[in-house]
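The values are calculated or read from the model by the stated rules, or taken from the named source; none is laboratory data. Nothing here was measured: the structure is a model prediction, and the numbers come from that model. Ideal geometry is used to build each Cβ from the backbone, glycine not excepted, and the neighbour counts take in all protein chains shown. Areas reflect the complete protein model, heavy atoms only, side chains present, ligands, DNA and RNA absent. Shrake-Rupley method; radii C 1.70, N 1.55, O 1.52, S 1.80 Å.
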Amino acid sequence: MELKNISNQELQMRIENLVRSERKMMHVILQHIIEFEDRRLYAVLGYDSMFSYLTCALGYSESGAYRRIQSARLLKRLPEIANKIESGTLNLSKLTQVQKCLTQLKKQNKSVTPQLTKEILNKIELTNGLETQKILAFEFDLPVLTQ
């Protein structure tokens with residue numbers, strides 16, 4: 001694809017449209033991961049985990065597969081966050097961090113209500129990585145987690 005011959009305005013319009021499409025597709029991919037994992041289709045295909053399927057069969061990097069699985073699990077718990085994924089106010093990195101906190105609390109036999117999780121997600125919208133980590137550490141009463 002030759003991009004050098006298009007105007008700056010056209011290039012800007014194209015990239016903005018592509019980013020919107022990418023976010024929409026991310027939401028759709030996460031929904032498919034949820035259903036694929038629920039059906040345990042990775043096992044039917046000979047993989048020992050969803051992670052193995054995403055990395056070996058689909059070619060995702062380990063970190064990319066991990067973020068998608070963690071984000072899909074949070075989306076399964078809170079399907080109403082789909083629009084925030086599509087708008088870009090929540091991304092895979094933030095969703096993964098929240099899911100990691102929820103998993104850590106579960107291991108400590110502590111639970112977090114869906115309502116509180118939604119409130120925390122609202123607080124981390126459009127924050128940078130460090131701000132997100134600080135908010136999550138405070139809200140979940142956990143040490144600051146690194147990605």
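Laid out as a table, the results:
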{"item": "Dipole moment magnitude, nearest 20 debye, the chain about Cα centre, only Lys, Arg, Asp, Glu C-beta charged", "result": "320 debye"}
{"item": "Rounded accessible area per residue of the chain, 1.4 Å, Å²", "result": "63 Å²"}
{"item": "Heavy-atom accessible area order for Thr127, Thr103, largest first, 1.4 Å probe", "result": "Thr103, Thr127"}
{"item": "Fraction of accessible area attributable to carbon and sulfur, the chain (%, probe 1.4 Å)", "result": "54 percent"}
{"item": "Relative contact order computed over the chain (Cα-Cα under 8 Å; 6+ residues apart), in percent", "result": "19 percent"}
{"item": "Full-extension gain in nm, Lys110 to Arg20, via 0.36 nm per residue minus C-alpha separation", "result": "28.7 nm"}
{"item": "Cross-link reach list, lysines versus Lys118, counting only Cα pairs under 27 Å and skipping chain neighbours closer than eight places", "result": "Lys24, Lys76, Lys84, Lys94, Lys100, Lys106, Lys107, Lys110, Lys134"}
{"item": "Prolate/oblate/rounded label for the chain (Cα gyration tensor, a/c 1.5)", "result": "oblate"}
{"item": "Sites Ser87 and Val44 - FRET efficiency at Förster radius 41 Å, r taken between beta-carbons, to 0.05", "result": "0.75"}
{"item": "Relative contact order [Cα under 8 Å, 6+ residues apart], segment 50-96, whole percent", "result": "36 percent"}
{"item": "Axial C-alpha extent at least 18 Å, average Kyte-Doolittle at least -1.0 - helices from the chain (DSSP)", "result": "8-38, 92-107"}
